[in-house]
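K.L.:
Okay, handing you the structure first.
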2 protein chains.
Amino acid sequence: MKINLLHKMISRLLFLSAFLLLTQVSLHAQTSLRVNSDRLNSSLKELSTFGKNDRGGSDRVAYSSHDVAARAYLIELMKKADLAVSIDFAGNIIGKKLGLNETLKPIVFGSHIDEVPNGGDYDGPVGSMSAIEIMQTLTDNKVITNHPLEVIIFTNEEGGVVGSRAIVGELNEKALQIVSNEGITHYEGIKKLGGNPDRVAEVARKKGDIAAFLELHIEQGGNLEREKIQIGVVEGIVAIEWWQFTFKGMANHAGTTPMNMRKDALLPAAEFVLAVNQIVRSYEGAQVGTVGIIKASPGAGNVIPGEVMLNLEIRDLSSEKIWKIYQEIEAKGKSLANDAGMELTITHQEVASSPAMADDSIRKIIAEQAKNLGLTTLSLPSGAGHDAQEMARIAPMGMIFIPSKSGISHAPAEYSAPDAIANGANVLLHTILSLDKSLK
Amino acid sequence: MKINLLHKMISRLLFLSAFLLLTQVSLHAQTSLRVNSDRLNSSLKELSTFGKNDRGGSDRVAYSSHDVAARAYLIELMKKADLAVSIDFAGNIIGKKLGLNETLKPIVFGSHIDEVPNGGDYDGPVGSMSAIEIMQTLTDNKVITNHPLEVIIFTNEEGGVVGSRAIVGELNEKALQIVSNEGITHYEGIKKLGGNPDRVAEVARKKGDIAAFLELHIEQGGNLEREKIQIGVVEGIVAIEWWQFTFKGMANHAGTTPMNMRKDALLPAAEFVLAVNQIVRSYEGAQVGTVGIIKASPGAGNVIPGEVMLNLEIRDLSSEKIWKIYQEIEAKGKSLANDAGMELTITHQEVASSPAMADDSIRKIIAEQAKNLGLTTLSLPSGAGHDAQEMARIAPMGMIFIPSKSGISHAPAEYSAPDAIANGANVLLHTILSLDKSLK
């Protein structure tokens, strides 16, 4: 018995030592884990060949033959990384990796590979290829997380976050009938991608079905580049509101109507454009306000504009702030119309009325992991919409930004440096590993 | 012999007395001559029924079936007035009345009856129907002038002064191939009106072929109404110049591009619109400057305008003044672009590079005859183009304006009062009679 007891104790001690050793090795191995930057950047380069046009841009519009071919390439890469790959009814490509504890909800990450017409090579691809590279890195290093992991390459992000809307249960039959940039409806497009548009409702997941959703993306703005910061920790995705302001004067003959008898609607409209800029900039913070559309009617060189319509867009993380700024702009518009003796009509159009806030604890983990990797960070809002915005409806969400050259996006000149891309992928990798430990 | 001599003297005396009496009666009769206002205004009203649409406007576009039918109505009126009516190869309707001295060149007057789409009832019709009414008045009162008289109802004034260009020899084959508002070429249109487009060159008249050209027209502006003046004595028809200003900034994402990193081309463009107005108004005189076209590209609510094109038009009786004002606007445009760090491109487009000045002695006669009729006058430029502008190339030209309600033209609300129309016709009548005496 004593011998047995001793044996048992030695055995236990040995087991404990081995366990501690293994754990330490494993922890050390996980901390030093890095994606393969060369492999990541070369797969990104390979992806960019699908749909490259002669202006240097990408015509990989969702549902196009380029989109279809590129998706086949991604599926191959996912299979190489030992993922279980499937295409859901909405056409999303899903690559799964089992976790040690399959009763846990999955940690999900990914992005999209479709582009706007004549778009760039980085917008969705950086997040998509990094997600696959992370899976490959985990497989290569035999790292098995507690949580199941899932990469999602979303269907048609640029044409209205179609795939992510399906996953959060917000893609209805009416939306499926909208014609996308490729000239076919989402219904037809999803079929072309191997989905089944009649059954998209079945891909919807409930709140709590996903442990966390993460997306790596280029900033599409110039903040990180200007501040020389390597990693952006996204605070949330802004709310967007649109209004149309129409100043009504009197169209008249540009030759026969004396200057002092005109009701030229372009004059208060021009003052309005300048006032929008001045008012939006007078507030502290990251809000933006834009007049992107101006239409002068009748729009002839020899006729005084009788009516001018302007589109006003305001974006901010706070809906309250958007409306506060708007009130000031509206008052200014009314006073301009009044001073000019003109009618002003205003209509409001909902675009994205609620901001999608990132999860606070995920934001902290992203910042910590970036610091552990020796990278500088900046908290900032995302002024653009993303699949993460939809996913935030059902899961704690986090987004990581990397610098974009000159803040250019949706254009052939879009560019992020290979090192910046690897930095982003490594922060995403370690955020996943950290969440795997902290989440239940 | 004595008796014979006495007889001869008495006979001569009687002849002289009779001659003086006749002359005085004739002079008195001519001075008190007036058009029949009721007949004039009712024929105008009848003309307005041709092409009246359900918005109260006139669709009597040149070459339309309404135009063709209305022309037939006018030809009937001209025949009733004992005119020798013909249609020339360019489709102009010409009504001639013999003079006492057929070796003299004709005094010509007239206007047009075609309208812009959904136009008004007064623009060309007032001058056209008054010309016919004057001929009828002369015939009714058995007044025969020394000079032959000619009424011309010009082909397609609104679509590019087609008929008057033919008469001054400026309508070439290329111009005939242009498609007009009716959707057919001038070539086809002229055929439809009974002209022969292959022979338009033959209608050209030389400088000196016409003793004087006169046109009565509504002001198409608000000067006379505002000043409560009955007759406008046109100084000339303004020169017109167009320029396109294009500010080039950088199109970018309206959500992700911070306010202080934008190159929004709409901002200097808005400043430019205001500067044009301010600069044009800073000069003394009747010059006008208009930005009637503004195009922001790409023109989406969520994209910062990367490029904005504006059309600048300046009109004045003095080309020198136009270019002086332009130089100041150009300098301002360049400084706005420079301050915004943007490129500015400017292109120039000739519209009507030379003003068409009215003949000084005809202007004086118009003013005198108006005063004799107890009417108030104002000298003013014509900011709009007219057939008279073309006719001024080959003949001494005079134009008479009458007030337009609220300065509206080229619209259903176009209106001139019956009395104002009769006033204009009477001034035209007496200007013709006076010129008949003063011209050789």
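The values are calculated or read from the model by the stated rules, or taken from the named source; none is laboratory data. Computed from a predicted model, the values in this text were never measured in an experiment. Cβ placement follows ideal geometry from the backbone for every residue including glycine, while neighbour counts extend to all protein chains displayed. For accessibility, only protein heavy atoms count, side chains too; no ligands or nucleic acids. Shrake-Rupley method; radii C 1.70, N 1.55, O 1.52, S 1.80 Å.
K.L.:
Identify all residues within the range A:281-295 that are crowded, with 21+ Cβ neighbours inside 10 Å and in contact with a helix residue (DSSP H, G or I) (Cβ under 7 Å, 6 or more places away or on another chain); write none if there are none.
P.N.:
A:Q287, A:V288, A:G289, A:V291, A:I294
K.L.:
Report the residue count in the range B:238-276 for those that are more than 20 Å from B:H348 (Cα to Cα), in contact (Cβ under 8 Å) with a residue 12 or more places away in the chain and at the interface with chain A (Cβ under 9 Å from one of its Cβ atoms).
P.N.:
Total satisfying the criteria: 12.
K.L.:
If we scan the range A:317-336, do we find a residue that is open to solvent by 50 Å² or more (accessible area, probe 1.4 Å) and touching a Lys or Arg at 6+ places or on another chain (Cβ under 7 Å)?
P.N.:
no
Residue by residue, here is whether (1) over 30 Å from B:A296 (Cβ atoms); (2) at pLDDT 95 or above; (3) in contact with a Gly (Cβ under 9 Å, 6 or more places away or on another chain); (4) among the basic types (K, R) holds:
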position	(1), (2), (3), (4)
A:E328	no, yes, no, no
A:M342	no, yes, yes, no
A:T347	no, yes, no, no
A:D359	yes, yes, yes, no
A:Q369	yes, yes, no, no
A:T376	yes, yes, no, no
A:I400	yes, yes, yes, no
A:A413	no, no, yes, no
A:A417	yes, yes, no, no
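K.L.:
Follow-up. For the range A:375-402, enumerate the residues that are within 12 Å of another protein chain (Cβ to nearest Cβ) and either open to solvent by 20 Å² or more (accessible area, probe 1.4 Å) or of a type in the set (A, V, I, L, M) (or both).
P.N.:
Of everything in the range A:375-402, those that are within 12 Å of another protein chain (Cβ to nearest Cβ) and either open to solvent by 20 Å² or more (accessible area, probe 1.4 Å) or of a type in the set (A, V, I, L, M) (or both) turn out to be A:L380, A:P381, A:A384, A:G385, A:Q389.
K.L.:
What number of residues within the range A:208-224 are open to solvent by less than 10 Å² (accessible area, probe 1.4 Å) and within 14 Å of chain B (Cβ to nearest Cβ)? Walk me through it before giving the result.
P.N.:
Filtering the range A:208-224 down to residues open to solvent by less than 10 Å² (accessible area, probe 1.4 Å) leaves A:210, A:212-222, A:224.
Now drop any that are not within 14 Å of chain B (Cβ to nearest Cβ), which leaves A:217-222, A:224.
Result for the range A:208-224: 7.
K.L.:
Go through the residues of the range B:373-380 one by one and say whether even a single one is in a loop (DSSP other than H, G, I, E, B), on the phi > 0 side of the Ramachandran plot and outside the structural domain of B:L310 (by TED's automatic domain parsing). Can you show your working first?
P.N.:
Within the range B:373-380, the subset in a loop (DSSP other than H, G, I, E, B) is B:373-376.
Imposing the further condition that a residue be on the phi > 0 side of the Ramachandran plot reduces the set to B:374.
Applying the additional criterion that residues be outside the structural domain of B:L310 (by TED's automatic domain parsing) yields B:374.
Within the range B:373-380, one or more residues are in a loop (DSSP other than H, G, I, E, B), on the phi > 0 side of the Ramachandran plot and outside the structural domain of B:L310 (by TED's automatic domain parsing).
K.L.:
Another one. Of the residues A:L171, A:L214, A:L176, which single one is touching a Pro at 6+ places or on another chain (Cβ under 6 Å) and hydrophobic (A, V, I, L, M, F, W, C)?
P.N.:
A:L176
K.L.:
Here is a further query. Residue check, B:G292 against (1) in contact with a strand residue (DSSP E or B) (Cβ under 9 Å, 6 or more places away or on another chain); (2) at the interface with chain A (Cβ under 8 Å from one of its Cβ atoms); (3) free of Cβ contacts under 8 Å to residues at least 12 places away in the same chain, all met but one. Which one?
P.N.:
So the condition that B:G292 fails would be (3).
K.L.:
Being under 19 Å from the mean Cα position of the chain (by Cα) and of a type outside the set (S, T, Y) narrows it down to one residue among B:I293, B:I346, B:I362; which is it? Steps first, answer last, please.
P.N.:
Values: B:I293 fails: under 19 Å from the mean Cα position of the chain (by Cα); B:I346 fails: under 19 Å from the mean Cα position of the chain (by Cα).
Criteria check complete, one pass: B:I362.
K.L.:
Moving on. In the list A:P106, A:P117, which residue meets the criterion of being touching an Asp or Glu at 6+ places or on another chain (Cβ under 9 Å), assigned by TED's automatic domain parsing to the domain that holds A:A384 and at pLDDT below 95?
P.N.:
Working: A:P106 fails: at pLDDT below 95.
Matching residue, one of A:P106, A:P117: A:P117.
K.L.:
Oh, and also: Within the range B:168-190, can one find any residue that is assigned to a helix (DSSP H, G or I), open to solvent by 10 Å² or more (accessible area, probe 1.4 Å) and basic (K, R)?
P.N.:
Looking for residues that are assigned to a helix (DSSP H, G or I), open to solvent by 10 Å² or more (accessible area, probe 1.4 Å) and basic (K, R), one finds at least one in the range B:168-190, hence yes.
K.L.:
Let me confirm something: among B:R55, B:R34, which residue is modelled with pLDDT of 95 or more, in a loop (DSSP other than H, G, I, E, B) and over 21 Å from B:G194 (Cβ atoms)?
P.N.:
Among B:R55, B:R34, only B:R34 is modelled with pLDDT of 95 or more, in a loop (DSSP other than H, G, I, E, B) and over 21 Å from B:G194 (Cβ atoms).
K.L.:
In this structure, is A:E157 over 15 Å from the mean Cα position of the chain (by Cα) and either under 30 Å from A:D54 (Cα atoms) or open to solvent by 40 Å² or more (accessible area, probe 1.4 Å) (or both)?
P.N.:
On the way: over 15 Å from the mean Cα position of the chain (by Cα): no; either under 30 Å from A:D54 (Cα atoms) or open to solvent by 40 Å² or more (accessible area, probe 1.4 Å) (or both): yes.
It is false that A:E157 is over 15 Å from the mean Cα position of the chain (by Cα) and either under 30 Å from A:D54 (Cα atoms) or open to solvent by 40 Å² or more (accessible area, probe 1.4 Å) (or both).
K.L.:
For the range B:182-189, indicate whether the set of residues that are acidic (D, E), in contact (Cβ under 8 Å) with a residue 24 or more places away in the chain and touching a strand residue (DSSP E or B) at 6+ places or on another chain (Cβ under 7 Å) is non-empty.
P.N.:
No.
K.L.:
Kindly check whether there is at least one residue in the range A:296-310 that is of a type in the set (S, T, N, Q), surrounded by fewer than 18 Cβ atoms within 10 Å (Cβ to Cβ) and away from chain B (no Cβ under 13 Å).
P.N.:
no
K.L.:
Could you check the range B:98-150 and list, in sequence order, the residues that are under 15 Å from B:V35 (Cβ atoms), of a type in the set (D, E, K, R) and surrounded by 16 or more Cβ atoms within 10 Å (Cβ to Cβ)?
P.N.:
B:E133
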